[in-house]
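Heads up: the structure comes next, in structure tokens.
Readers should treat all values here as calculations from the given coordinates under stated rules, not as data from a laboratory. Owing to the predicted nature of the structure, the values given are computational and were not obtained by experimental measurement. Using ideal geometry, Cβ is built from the backbone for each residue, glycine included, and neighbour counts are taken over all protein chains shown.
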Amino acid sequence: MGTDKRDFDVEAATWDEEPRRVQLAKDLFRVIAEEAKLTSTMDVLDFGCGTGLVTLQLSARVGHVTGVDSSQGMLDVLERKIRSYPIDNIKTHCIDLDCGDTIDGLYDLVVSTMTLHHVRDVASLLVKCSRLLKPGGRLCIADLDMEDGQFHGNNEGVFHFGFERQALRESLSRVGLVDIGDRTAAEVVKPGTDGSMRKFSVFLVTGRRAVLPA
């Protein structure tokens, strides 16, 4: 398991050239859309948005999307996409929580896809995400089910080899979310480190911030 943060700036230019990565983003968006019941008035935060493979799909269905990532290189790629379309309902922020940066605002939906395993302190992140939700707002987290470290060819910056869904559901409960559930969202077939083809399952865990009585 890695101990150093991965330099995603180096990978940003070619990030979208991996077909499995693009397809996974489509699969995850489809399930998020089903679970979150997207509407044109929603204000959404995409944490760990990368080059915007999910962000751009969200922007077509909601009112506004804020894309947050710790890699300026990734955000530069997303910004070029925004200008080329053009799209007027996405803004981006380079934010590194490990360096003490903070995320402002309240959101109807907070989404994070395939980012959690790159986060050292998951418990702290979940607290922050829960506080970013409006009353009734929903958190959707997609990541790997437990695996043996073969998903990434290089485990630099990988702090968790997937997650146990029950443990993650319990973590969401501890930060005060309700209506917590999970489902299998996608399956990725790719070579493991030994060269053989492997299947890796990706879950979606969701929770909602309770609406306090008037």
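Here is how the numbers come out for the structure above:
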read-out	value
Gaussian network model of the chain, Cα within-10 Å springs - most flexible of Ala33, Ala167, Ala13	Ala167
For the range 8-209: rounded, prolate or oblate by the Cα gyration tensor [a/c cutoff 1.5]	rounded
Residue-averaged 222 nm ellipticity for the chain, from DSSP H runs of 4+ at -39500 (n - 2.57), nearest 500	-8000 deg cm²/dmol
Fraction of antiparallel bridges per DSSP, the chain only, in percent to nearest 5	50 percent
Cα gyration tensor, the range 20-81 - rounded (a/c under 1.5), prolate or oblate	oblate
Highest-first arrangement of 150-161, 187-198, 35-46, where packing means the average Cβ count within 10 Å	35-46, 150-161, 187-198
Taking Val54, Val119 and counting other C-beta atoms within 10 Å, the order from fewest to most	Val119, Val54
Cα centroid separation, the range 39-91 to the range 154-214 (Å)	22 Å
Residues whose placed amide H lies under 5 Å from that of Ala210, excluding near-sequence neighbours	Gly136, Val178
Residue with peak Gaussian network fluctuation, the chain [Cα springs, cutoff 10 Å], from Thr113, Thr92, Thr102	Thr102
Computed magnitude of the charge dipole of the chain (debye, nearest 20; Cβ of K, R +1, Cβ of D, E -1)	780 debye
